[in-house]
Amino acid sequence: MNGRVLHVVGTRPNFVKAAPVVAALRATGHDQVLVHTGQHYDERMSQIFFRELGLPAPDTDLGVGSGSHARQTADLLVALEGELLARAPALVVVYGDVNSTLAAALVAAKLGIPVAHVEAGLRSFDMAMPEEVNRHLVDQLAELLFVTSPEAVGHLAREGVEPGRVHFVGNPMIDTLLTHLEHFDPAAARAAHALPERYGVVTLHRPANVDDPEA
């Protein structure tokens, strides 16, 4: 497409997903703008990913920070509206399912700017999860739905999404993994944490998984 592409990222998973998309568009000479909402903002949740993934420094960091879902989303709406009006993109690209994703999609839709959703169609089928609410709403607003798995194509079809909006493109998280495999040093990681040759790693987040000690 012709015209400026504006990427909106705000959290650690967004950075990992955006890196290969930004790199691919850079290779084709597209005019790009990278807006960081500041939803994740400290060194180990934000800046380190820009350095290690080769993401360009954000053209704008909105510095929204933390807050309740309502307050954070409201602050994002106001800040992103001004940014989109000033930048006048031809397309807004959003990633994943966080509040920054929802706010950017809503602002762009209200301004009549097409939205592309990377990682569309994923579903947990648990509407108690704020991310699940965001997924449904963003997929309704986006003109281009970039899907990472065949299951997601099926989810969107069952929800009545027009097939022409859905594009099965693969998983940018895997693209990022493969790009950076050579930088991994398992031996150093084992030594740093006194781990045996064989070990397992589990990462946990989301309140449903970590807020209840019994779970």
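The values are calculated or read from the model by the stated rules, or taken from the named source; none is laboratory data. Because the structure is predicted, anything quoted here is derived from the model rather than measured. Glycine gets a Cβ as well: all are built from the backbone with ideal geometry, and neighbour counts include every protein chain shown. We work out accessible area using only protein heavy atoms, side chains counted, and drop any ligands, DNA or RNA first. Shrake-Rupley method; radii C 1.70, N 1.55, O 1.52, S 1.80 Å.
Compute the long axis of helix 130-141 from its Cα atoms, compare it with the longest principal axis of the Cα atoms of the chain, and write down the angle in degrees, 0 to 90, nearest 10. Helix 130-141 and the main axis of the chain meet at about 40 degrees. Between THR60 and LEU34, HIS36, the built amide H atoms are under 5 Å apart, and every one of these is 5 or more places off in sequence or on another chain. Just checking the listed ones, ALA142, ALA108, ALA57: in the Gaussian network model of the chain with Cα springs under 10 Å, the one fluctuating most is ALA57. Summing +1 for each Lys or Arg and -1 for each Asp or Glu among the other residues whose beta-carbon sits under 15 angstrom from that of MET127 gives -3. Note that the chain presents 55 Å² accessible area per residue, ligands and nucleic acids not counted, probe 1.4 Å. Quick check on the range 141-191: take the gyration tensor over C-alpha atoms, sort the square-rooted eigenvalues as a ≥ b ≥ c, and tell me if it's rounded (a/c under 1.5), prolate or oblate. Cα axes put the range 141-191 in the prolate bin. Per-atom-type breakdown for the range 54-195 gives carbon and sulfur 60% of the accessible area (1.4 Å probe, protein chains only).
Between THR203, THR37, THR179, the residue with the greatest mean-square fluctuation in the GNM of the chain (Cα pairs under 10 Å linked by springs) is THR203.
Note that the range 53-66 has calculated 3J(HN,Hα) couplings of 8, x, 6, x, 4, x, 5, 9, 10, 6, x, 5, x, 8 Hz, one per residue in order, obtained from phi through the Karplus relation 6.51 cos²θ - 1.76 cosθ + 1.60 (θ = phi - 60°); glycine and proline are x. Projecting the Cα atoms of GLY96, ALA70, LEU34 onto the dipole axis of the range 1-141, where Lys and Arg carry +1 and Asp and Glu carry -1 at the beta carbon, places LEU34 farthest toward the positive end. Which distance in Å, rounded to a whole number, links the C-alpha centroids of the range 126-196 and the range 44-84? If we compute the Cα centre of each part, the gap is 20 Å.
Projected onto the charge dipole of the chain (+1 at Lys/Arg Cβ, -1 at Asp/Glu Cβ, origin at the Cα centre), which of LEU156, PRO114, LEU137 gives the Cα projection farthest towards the positive end? The residue sitting most towards the positive pole is PRO114.
Helix 69-87 axis versus longest C-alpha principal axis of the chain: approximately 60°, rounded to the nearest ten. In order along the range 108-119, phi translates into HN-Hα couplings of 4, 4, 5, 8, x, 9, x, 10, 10, 10, 7, 6 Hz, rounded to whole numbers, per the Karplus curve 6.51 cos²θ - 1.76 cosθ + 1.60 with θ = phi - 60° and x for Gly and Pro. Charge dipole of the range 39-111 (Cα centre as origin; +1 on each Lys and Arg Cβ, -1 on each Asp and Glu Cβ, all else neutral): 140 debye, rounded to the nearest 20. Each Lys and Arg adds +1 at its Cβ and each Asp and Glu adds -1 at its Cβ; summed about the Cα centre, the range 63-192 shows a dipole of about 160 debye.
Decide, for the range 76-198, between rounded, prolate and oblate: order the square roots of the alpha carbon gyration tensor eigenvalues as a ≥ b ≥ c, take rounded if a/c falls under 1.5, and otherwise choose prolate if a/b is larger than b/c, else oblate. It comes out prolate by the Cα gyration axes. Amide H contacts under 5 Å for PHE168: VAL147, restricted to partners 5 or more places along the chain or on a different chain, H placed in the peptide plane at 1.01 Å from N.
Working note: 222 nm ellipticity from helices only, DSSP H runs with n ≥ 4, each -39,500 (n - 2.57), summed and divided by the residues of the chain, gives -13000 deg cm²/dmol to the nearest 500. Highest GNM mean-square fluctuation among ALA86, ALA103, ALA157, for the chain modelled with Cα contacts below 10 Å: ALA86.
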